[in-house]
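Worksheet: one structure, shown below.
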Amino acid sequence: MPIECFRVDDRLVHGQVVVGWGQSLRLGFIVLVDDTVAANDWECELYSMGTPPEMTLFVETTDSVVLRLPEFDARADAGMLLTADIPTMGRLVQSAPRIRAVNIGGVHHRIGRTWRLPYVFLSPEDDAALAAIASCGVRVTAQDLPGADEVPLEALLSGGPA
Amino acid sequence: MTIAAPPLSVGTRMLVLARLLTLQGSYNYETMIGNGIAFAIEPALRLLPGGRGGEAYCAALARQSRYFNAHPYLAAVAVGALARAELSLENLERIERFRTAACGPLGSVGDRLVWAAWLPLCSLIALLTFGLGASPFMVVAVFLGTYNVGHLALRIWGLNVGWSDGLAVAPALSTPLFRRGPLMLTRVAAVVGGVAIPLALARSAGASPLGVFIIGGVGAAGAVMLGLTQGRVQGWRVSLALLIVAGVAAMVLR
């Protein structure tokens, strides 16, 4: 079963992922892609403690995940791939053409970012990175939980839905 | 270079704990509960060199006011750990990394344990109390009592374990309560629900077979609808629709 969802969420493994999406998609594994987390044992341990025992967590770097994507796609259970930021997902999209849809699940406030949705704040650099992902033929939408409405990229880039 | 953190007096701990109860009041879309974290940790930061208003105090308070998002009860773990880290003059980059990395796991563990398991279990225990014939006041008291015992215990444990373990708090989250607890509580809730629902139904409908049929039918239809729409419809919309139906039914049947 291929990875069901490619999600950008700066909280990585958290409640919306393991409870909201985890139950809806019946996730069996999560692939966390973050070079900094992968390089720190204590961060890996922290994220593994946040993952329910019935799910398997894989922590990968941006390079290693590209090599392992076929392996993840061949698993019998459903999975979700998480990155903490848009540029990392952009690099994955460039390296793995099989990614056809990207979910923006949580990009929170920092200096330089402006409000688009309660859970999405974007800087001009983020806008450009999202447009670049979409230009690869990838469907980009924002949706925090399975029951929430999908917000198309055009609405995000134009300053959020009316 | 880190130093040994000064001891945290009982008074300071109580003050931090009391402020943790206000955490959800600080919620906003920009910093989430970041301001609440700073407010809760502030009594401990007074122990920094220079004291209240000093340079180290102001810098730490500003640092702790930034974006933070976790389950409000398990945020106590982060507050305890961050208080120790700040008072130990821990490396600032490590503090920032911890603040970033702690959000997700503390949110995940808390959501699974509290919102998805403890809260439904307490609701079903209250329903069971109703089914056993308790007064409305007793039903509410049982719900609030059981729920708050759990939530206060979680906050007290979180603050203590965070303070004692500091930034190396991850192993504390591997306790069976957090790993297997949600599943166990969900199973207990299923058993309690299986006992409570028929009893509550019998009490609501009285001895009338028609009443049992109507209430049972509406309940069963609601359960089927929730199952079919799981993950596609927001809970508050379903709840609002059910409340409207119940209100109209009450007016018509009166």
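The values are calculated or read from the model by the stated rules, or taken from the named source; none is laboratory data. Bear in mind the structure is a predicted one, so any value in this text is a computation, not a measurement. All Cβ positions, glycine included, derive from the backbone under ideal geometry; neighbour counts span all protein chains shown.
Just one of the listed residues (B:Leu127, B:Leu144) is touching a helix residue (DSSP H, G or I) at 6+ places or on another chain (Cβ under 8 Å) and in a helix (DSSP H, G or I), namely B:Leu127.
So, in the range B:132-177, how many residues would count as being within 14 Å of chain A (Cβ to nearest Cβ) and closer than 28 Å to B:Ile197 by Cα?
Narrowing the range B:132-177 to residues within 14 Å of chain A (Cβ to nearest Cβ): B:158, B:161-162, B:165-177.
The next check asks that each one be closer than 28 Å to B:Ile197 by Cα; those that pass are B:177.
Summing the residues that are within 14 Å of chain A (Cβ to nearest Cβ) and closer than 28 Å to B:Ile197 by Cα in the range B:132-177 gives 1.
Taking the range A:1-31 as the range and being closer than 17 Å to A:Thr61 by Cβ and either facing chain B (nearest Cβ under 9 Å) or modelled with pLDDT under 95 (or both) as the test, the residues that pass are A:Ile3, A:Leu12, A:Val13.
Is it the case that the range B:189-198 has a residue that's hydrophobic (A, V, I, L, M, F, W, C), assigned to a helix (DSSP H, G or I) and under 26 Å from B:Ala44 (Cβ atoms)? If you could, list the steps in order and put the result at the bottom.
Let us first name the residues in the range B:189-198 that are hydrophobic (A, V, I, L, M, F, W, C), namely B:189-192, B:195-197.
Subsequent filtering for residues that are assigned to a helix (DSSP H, G or I) retains B:189-192, B:195-197.
From what is left, the residues that are under 26 Å from B:Ala44 (Cβ atoms) are none.
No, every residue in the range B:189-198 fails to be hydrophobic (A, V, I, L, M, F, W, C), assigned to a helix (DSSP H, G or I) and under 26 Å from B:Ala44 (Cβ atoms).
Of the residues B:Glu55, B:Glu96, which single one is within 12 Å of chain A (Cβ to nearest Cβ) and acidic (Asp, Glu)? Steps first, please.
Values: B:Glu55 fails: within 12 Å of chain A (Cβ to nearest Cβ).
Testing whether each residue is within 12 Å of chain A (Cβ to nearest Cβ) and acidic (Asp, Glu) leaves just B:Glu96.
Can you report the number of residues in the range A:88-99 which are part of a helix (DSSP H, G or I) and under 13 Å from the mean Cα position of the chain (by Cα)? Walk me through it before giving the result.
The initial filter retains those residues of the range A:88-99 that are part of a helix (DSSP H, G or I), namely A:88-95.
Then keep just the ones that are under 13 Å from the mean Cα position of the chain (by Cα); that gives A:88-93.
Summing the residues that are part of a helix (DSSP H, G or I) and under 13 Å from the mean Cα position of the chain (by Cα) in the range A:88-99 gives 6.
Residues in the range A:40-87 that are within 13 Å of another protein chain (Cβ to nearest Cβ), in a helix (DSSP H, G or I) and over 24 Å from B:Val114 (Cα atoms): A:Asp41, A:Trp42. For the range B:166-192, the set of residues classified as surrounded by 17 or more Cβ atoms within 10 Å (Cβ to Cβ) and more than 20 Å from the chain's Cα centre (by Cα) consists of B:Gly166, B:Leu167, B:Val192, listed by residue number. The listed residues are B:Leu132, B:Leu152, B:Leu127, and the only one of them that is hydrophobic (A, V, I, L, M, F, W, C), surrounded by fewer than 17 Cβ atoms within 10 Å (Cβ to Cβ) and over 30 Å from B:Met14 (Cα atoms) turns out to be B:Leu132. When B:Phe98, B:Phe143, B:Phe137 are checked against the criterion of being out of contact with any Phe, Trp or Tyr (no Cβ under 7 Å at 6 or more places or on another chain) and crowded, with 21+ Cβ neighbours inside 10 Å, B:Phe98 stands alone in meeting it. Pairing each residue of the range A:95-110 that is closer than 11 Å to A:Leu69 by Cα with any residue that is of a type in the set (Asp, Glu) and at pLDDT 90 or above, provided the two are 6+ apart or on different chains, yields C-beta distances under 9 Å for A:Ser95/A:Asp63; A:Arg98/A:Asp73.
Scanning the range A:126-154 for residues that are assigned to a loop (DSSP other than H, G, I, E, B), hydrophobic (A, V, I, L, M, F, W, C), more than 12 Å from every other protein chain (Cβ to nearest Cβ) and surrounded by fewer than 19 Cβ atoms within 10 Å (Cβ to Cβ) yields a total of 1. Screening the range A:10-44 for residues that are crowded, with 17+ Cβ neighbours inside 10 Å and of a type in the set (D, E, K, R) and picking the one that is nearest to B:Leu74 (Cα to Cα) gives A:Arg11. Check whether at least one residue in the range A:107-125 is under 13 Å from A:Met89 (Cα atoms), within 14 Å of another protein chain (Cβ to nearest Cβ) and not charged (D, E, K, R), and report yes or no. Scanning the range A:107-125 turns up at least one residue that is under 13 Å from A:Met89 (Cα atoms), within 14 Å of another protein chain (Cβ to nearest Cβ) and not charged (D, E, K, R).
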